[in-house]
Amino acid sequence: MNQQPPKSTYSVCPHDCPSTCALDVHFDPHGDVRRLNGARDNAYTAGVICAKVARYAERLYHPDRLTKPLLRDGKKGEGRFREVSWDEALDLTAERFLKAEAEFGAQSVWPYHYAGTMGLVQRDSIHRLRHAKGYSRQFDTFCTNMAWTGYIAGTGRLAGPDPREMASSDQVVIWGTNPVATQVNVMTHAVAARKKRGARIIVVDVYETETMKQADLGLILKPGTDAALACAIMHVLFRDGLADRAYLEKYTDCPGELETHLKDRSPEWASGITGLKTAQIEEVAQLIGQVKRTYFRLGYGFTRSRNGVVGMHAACSIASVTGAWQLEGGGAFHNNGAIYQLNKEMIEAGSLKDPSVRVLDQSLIGRILTGDKEALQGGPPVKALLVQNTNPVSVAPEQELVKQGFAREDLFTVVHEQFLTETAQMADIVLPATQFLEHDDIYKGGGHQYLMFGPKAVDPPLGPKENLFVISEIAKRVDSKPHAGFDMSARDHIDWMLQHSGYGTLDELEAGKWRDLQPDFETAHYLNGFAYADGKFRFKPDWGRFAAPNKPDGNTVFGPVAEMPELPDQWDIIERADEEHPLRLVTAPARSFLNSTFNETDSSRKKEGRPEVWLRPDDAARLGIEDGAKVKMGNGRGAVTLHVRLKDSIAPGTVVSEGLWPNDAFEDGRGINTLTSADPVAPYGGAAFHDTAVWVKRV
Ligand SMILES: Nc1nc2c(c(=O)[nH]1)N[C@H]1C(S)=C(S)[C@@H](COP(=O)(O)OP(=O)(O)OC[C@H]3O[C@@H](n4cnc5c(=O)[nH]c(N)nc54)[C@H](O)[C@@H]3O)O[C@H]1N2
Ligand SMILES: Nc1nc2c(c(=O)[nH]1)N[C@H]1C(S)=C(S)[C@@H](COP(=O)(O)OP(=O)(O)OC[C@H]3O[C@@H](n4cnc5c(=O)[nH]c(N)nc54)[C@H](O)[C@@H]3O)O[C@H]1N2
Ligand code: SF4
Ligand SMILES: [Mo]
C-alpha cells in the first residue's frame, strides 16, 4: 500500500530561549523536514519564529552531524577518533566511572549539563543518574541567577503579568534584553501594542541593538549602571507627584524610606554614572510616570554584572512606585518559572538526593578541573565527566583554565553531542545525540505560560540516541541504586509527571498540543499581595535569604552580601576600567547563533561574518585604531585576536563583541570567554559575562 507521508506536524523549539516557540513542521514529499514556522494558533508564538530555527533542516541534515560513537585515538584534543559500537562506548564509560569511584569516591564523577535542550525529560534525566550514584551535584550559574534573584527579591515569586498583555499596553519598556535577536516574540506583542494602541516602545541597552532601532526611544547607558537610571527615574516620580501613594502604602514595605533615600539620586547624579544626559533621564521618567499602563519587560543582559541582582531589583521596583501592576498591560515581567509546579521525581529522582554531596559551580568548571581547592570544596578531584547539552569549551568563563582542565590526561570525559563541538573534541568518548525532532519531550515557556508537548516527528539516522537512553544505559552498568525512572520511555515520563502534577494525562495534552497555565489576573498582577508573608513588595530585600545549597555542610551566600545596598542604589562593584584596562566589554549574543549552537551551520556563520569587537570612533581614535584593523583585546585572564568595527552608538568607554563564536574562529584559537570572569555574583552566584574590563591594542 502506498501510504502518503504527512505534510506537516507540530513541535516545540527546544533551545535555551525564553520564547519556547510552538512550531509547525513541514515535510517534503519524501517525509523529510523541509521548513519550520511558528504556530499561528499559539497565542504567544502567534506565527512568528526566528530565522535560524525556520531553517532547521540545515542543522538536522547537516553533513557534520555525529552518527557514531567515537573513541579517542590520539592525544587529548588532537581530534583523532575511531568509531566504536554503542556497547563498547558505554561499557568503557562505566568501567572508567567505576574506577574513579573506587579510587576517589563517587563525588569524583561529575555529570555536567545545561540547557542545550530545554526538554524536561532529555535535559534533566542526568540528575537521576547523579542522585542514584551520589555523583557530584551541579549549581547552575551560567544564566539565570542574577535576573531571577533580583526579580524575586522584589516580588517574592518568579512570575508576573501575562506576557501577552504587552499587546494591551500603552508603553513597553524593553530593558537589558535584545529580543529581535534573543526572543523574537517580545517584539511581536510590543509591536502589536504600537499598532493597536499607539503604544510607545522604550529600549534600554548599552549599544544600539536591532531592538533599539525599532524603538521610539532608546537609552544607551554604560554597562552595570542600570540601578542608577532606575533610582533617578523613581526620584523624579516621587519629586513630581507621579508616584502612586495609595498603592505604595497598601502594597510595599517601606515607601517612606525609599523616598527619603532617593532624594539625592537625581537625574544629574545618574547622568554622571550612566553617561546619559540629564534631559534624557527626565524625559523617560516623565513618560513612565505619565503612562501608567507601562509593561516593563526585563531581560537577562543587564543582570550579567557583579551588581546585576541590584540592577534587576531596582528596575523592577519602578513598577511598584507607579503602581503599574494594577492595570492590564502594566507591571514588570521577567520569567514565569514559578507557575508550573511540576512533580519531577521520575525524571530527577530527587528522593535519592544526598544533601551531603557537594554542589559544584557550573561556571567554575575551569577552576574545578584544574584542581582549585576552594572550587572543589575540599573534596576529591574531578576524575570523570559526563557532558550533555552544553559546550563549556566555548561558553564557560575563564576559558584558559577550562581548556587546561579538559586537556588533563587523567580526566576521563564523555560528551554526548549532536556535533563535534569544541567540548566533544576534548573527549575520550563521544556519543551521538538525537535532535529534538527525533525524540519526544515536554517544554515549559519561561517567557510565556504554556506547557507544551513536542512529539518525535522523524526517525533519527542510524546511530544517534536520545539523552534518556544514555542515562539509563550508564545507570545499568555502574551499579546504581534502582529507580523506576530508569525503565520509563520519554512518553511514560511525561505522562507520569503530568498526572502527578495535576495536569491530566499525556493523551490529553497531546490532544491540545499545549496547556495554558496563566494564573488569573489578580494573582499575576499581585493584587492579592506580593508573595511575602505580609503581601508587600520589598524595596528593602533580605539579601541573606538567597542562600544557595552549594556546600556539603549547608547553604551559602556568595560575594560581599553585607555590602549590598539595602535599598535600590548604584552598587560600585563592577570590574572597573582603569589606566591599564580603559574599556568595558559586553559579550552580547549574535542574532544568528544561539549560545554555541548554530555556529556549525553555514548560513549562520555567513550572516555573522567573523569575530569582531565594536568600538566607538572616539575611543578608537584615542587608541590609534581604524575600522577593520586587527587588534588584540585582553586583561589579566588572557588575550584574544579579532577585528574592529567602528560603531557610533555604543556607550562611552564600552566595547561590544557579539557571539558566541567558537574559540577556533579566532586567529589564535582563543575565544571571547578567555576574557570573562567566573567570580560568583552576590548573593546567589552566577557569572557576570557582560562585566569585563579590557585593553585593546593594534597588532
Ligand atoms: N561570553 C559569553 N558567554 C556566555 C554567554 C554570553 O552572553 N556571553 N551566555 C551564557 C548563557 S546565558 C548560557 S545559557 C550558556 C549556554 O551555553 P551552552 O550550554 O553551551 O548552550 P547551547 O549552545 O544552547 O547548547 C549546548 C549544546 O547542547 C547540544 N544539544 C542540544 N540538544 C541536545 C540533546 O538533546 N542532547 C544532547 N546530548 N545535546 C544536545 C547542542 O548541540 C549544543 O552544542 O552560555 C553562556 N556563555
Ligand atoms: N540569537 C540568540 N538568541 C538567544 C541567545 C543567543 O545566544 N543568541 N541566548 C539565549 C539565552 S541562553 C538567553 S539566557 C537569552 C538571553 O537574552 P537577553 O535577556 O536578551 O540577555 P543577553 O542576551 O545576555 O543580553 C541582552 C542585551 O543586554 C545588553 N546589556 C549588556 N549589559 C547591559 C547593561 O549593563 N545594561 C543594559 N541595560 N543592557 C545591557 C546587551 O547589550 C544585549 O543587547 O537569550 C536566548 N536567545
Ligand atoms: S525565538 Fe527562540 S524559541 Fe523561538 S524559534 Fe527562535 S530560538 Fe526557538
Ligand atoms: Mo542563558
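Each row is one residue, and each column tells you yes or no for (1) touching a strand residue (DSSP E or B) at 6+ places or on another chain (Cβ under 7 Å); (2) under 15 Å from L585 (Cβ atoms).
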position	(1), (2)
A621	no, no
G624	yes, no
D627	yes, no
M633	yes, yes
L642	yes, yes
N663	no, no
Within the range 159-181, the count of residues that are in a helix (DSSP H, G or I) and more than 16 Å from ligand 4 (Cβ to nearest atom) comes to 7
Whichever residue in the range 200-231 is more than 14 Å from ligand 2 (Cβ to nearest atom) and free of Cβ contacts under 8 Å to residues at least 60 places away in the same chain and, among such residues, is surrounded by the most Cβ atoms within 10 Å (Cβ to Cβ): I201
Looking at (1) touching a Gly at 6+ places or on another chain (Cβ under 7 Å); (2) within 16 Å of ligand 2 (Cβ to nearest atom), which is the only condition W325 fails? (2)
Out of the residues in the range 416-448 that are over 21 Å from the mean Cα position of the chain (by Cα) and in a strand (DSSP E or B), which is nearest to ligand 4 (Cβ to nearest atom)? A433
Mind listing whichever residues of the range 200-253 are under 18 Å from G308 (Cα atoms) and of a type in the set (F, W, Y)? Y207
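Could you say which residue among Q326, Q399, Q388 is surrounded by fewer than 23 Cβ atoms within 10 Å (Cβ to Cβ) and more than 16 Å from ligand 3 (Cβ to nearest atom)? Outline the logic, then answer.
Working: Q399 fails: surrounded by fewer than 23 Cβ atoms within 10 Å (Cβ to Cβ); Q388 fails: surrounded by fewer than 23 Cβ atoms within 10 Å (Cβ to Cβ).
Result: Q326 is the single residue among Q326, Q399, Q388 that is surrounded by fewer than 23 Cβ atoms within 10 Å (Cβ to Cβ) and more than 16 Å from ligand 3 (Cβ to nearest atom).
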If you check every pair at least six apart or on different chains, which have Cβ atoms under 9 Å apart with a residue in the range 620-640 that is exposed (fewer than 12 other Cβ atoms within 10 Å of the Cβ) first and a residue that is of a type in the set (F, W, Y) second? none
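If I ask for residues that are in a helix (DSSP H, G or I), surrounded by fewer than 24 Cβ atoms within 10 Å (Cβ to Cβ) and not polar (S, T, N, Q), which ones from the range 286-302 would you list?
First pass over the range 286-302, keeping only residues in a helix (DSSP H, G or I): 286-290, 301-302.
Now restrict to residues that are surrounded by fewer than 24 Cβ atoms within 10 Å (Cβ to Cβ): 286-287, 289-290.
Hits for the range 286-302 are L287, G289.
From I339, I365, which residue is crowded, with 24+ Cβ neighbours inside 10 Å, touching a residue at least 40 places away in the same chain (Cβ under 8 Å) and not aromatic (F, W, Y)? Spell out how you get there, then give the answer.
Numbers: I339 fails: crowded, with 24+ Cβ neighbours inside 10 Å.
Among I339, I365, only I365 is crowded, with 24+ Cβ neighbours inside 10 Å, touching a residue at least 40 places away in the same chain (Cβ under 8 Å) and not aromatic (F, W, Y).
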Number of the exception - V699 against (1) surrounded by fewer than 18 Cβ atoms within 10 Å (Cβ to Cβ); (2) within 30 Å of G544 (Cα to Cα); (3) not acidic (D, E): (2)
Screening G241, G218, G224 for residues that are at pLDDT 95 or above, under 22 Å from M146 (Cβ atoms) and not in a helix (DSSP H, G or I) leaves only G224
Anything in the range 117-143 that is surrounded by fewer than 24 Cβ atoms within 10 Å (Cβ to Cβ) and within 16 Å of ligand 3 (Cβ to nearest atom)? List them, or say none. L120, R123, C143
Result of the Cβ filter at 7 Å on the range 49-63, keeping first residues that are over 18 Å from C21 (Cα atoms) and partners that are within 16 Å of ligand 2 (Cβ to nearest atom) and among the β-branched types (V, I, T), at least 6 apart or interchain, is E58/T601; H62/T601
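Residues checked against (1) more than 12 Å from ligand 3 (Cβ to nearest atom); (2) of a type in the set (S, T, Y); (3) within 29 Å of L660 (Cβ to Cβ); (4) buried (at least 18 other Cβ atoms within 10 Å of the Cβ):
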{"residue": "Y10", "(1), (2), (3), (4)": "yes, yes, no, yes"}
{"residue": "C13", "(1), (2), (3), (4)": "no, no, yes, yes"}
{"residue": "D24", "(1), (2), (3), (4)": "no, no, yes, yes"}
{"residue": "G31", "(1), (2), (3), (4)": "yes, no, no, no"}
{"residue": "Y56", "(1), (2), (3), (4)": "no, yes, yes, yes"}
{"residue": "G79", "(1), (2), (3), (4)": "yes, no, yes, no"}
{"residue": "D87", "(1), (2), (3), (4)": "yes, no, no, no"}
With the range 303-412 as the region, which strands (runs of 3 or more DSSP E) entirely inside it contain at least 1 residues that are in contact with a strand residue (DSSP E or B) (Cβ under 7 Å, 6 or more places away or on another chain), of a type in the set (S, T, N, Q) and at pLDDT 95 or above? 384-388
What number goes with the only condition from (1) touching a Phe, Trp or Tyr at 6+ places or on another chain (Cβ under 9 Å); (2) farther than 25 Å from K52 by Cβ that R622 does not pass? (1)
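Looking only at residues in the range 130-158 that are of a type in the set (S, T, N, Q) and assigned to a helix (DSSP H, G or I), which one is nearest to the chain's Cα centre (by Cα)? Explain how you work it out, then say what you get.
In the first step, residues of the range 130-158 are kept if they are of a type in the set (S, T, N, Q); the result is 136, 138, 141, 144-145, 149, 155.
The next check asks that each one be assigned to a helix (DSSP H, G or I); those that pass are 145, 149, 155.
Details: N145: 9, T149: 14, T155: 21 Å.
The residue in question is N145.
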Checked pairs for the range 346-360, first under 22 Å from P380 (Cβ atoms) and outside the structural domain of D124 (by TED's automatic domain parsing), second assigned to a strand (DSSP E or B) and hydrophobic (A, V, I, L, M, F, W, C), C-beta under 6 Å and 6 or more apart or across chains, list as none
Here is a list: G504, G529, G535, G544. Which entry is outside the structural domain of L327 (by TED's automatic domain parsing) and of a type in the set (G, A, S)? G504
Contacts under 6 angstrom Cβ, first residue in the range 396-418 being within 21 Å of D91 (Cβ to Cβ), partner of a type in the set (D, E, K, R) and part of a helix (DSSP H, G or I), 6 or more apart: F412/R96
Quick one: A89 ticks every box in (1) in the same structural domain as R408 (by TED's automatic domain parsing); (2) in contact with a Phe, Trp or Tyr (Cβ under 9 Å, 6 or more places away or on another chain) bar one, so which box is it? (2)
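Among the helices (runs of 4 or more DSSP H) contained in the range 449-566, which hold 1 or more residues that are crowded, with 19+ Cβ neighbours inside 10 Å, aromatic (F, W, Y) and without any contact (Cβ under 8 Å) to a residue 60 or more places away in the chain? Before you say what the answer is, go through the steps one by one.
Values: elements: 467-477, 490-499, 506-512, 521-524.
It comes to 467-477.
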Within the range 154-188, the residues that are within 12 Å of ligand 2 (Cβ to nearest atom), farther than 30 Å from F546 by Cα and in contact with a Lys or Arg (Cβ under 8 Å, 6 or more places away or on another chain) are V180, A181
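The values are calculated or read from the model by the stated rules, or taken from the named source; none is laboratory data. Just so we're clear, the structure is a prediction, and the values are computed from it rather than from any experiment. With ideal geometry, Cβ positions are generated from the backbone for all residues, glycine too; neighbour counts draw on all protein chains shown.
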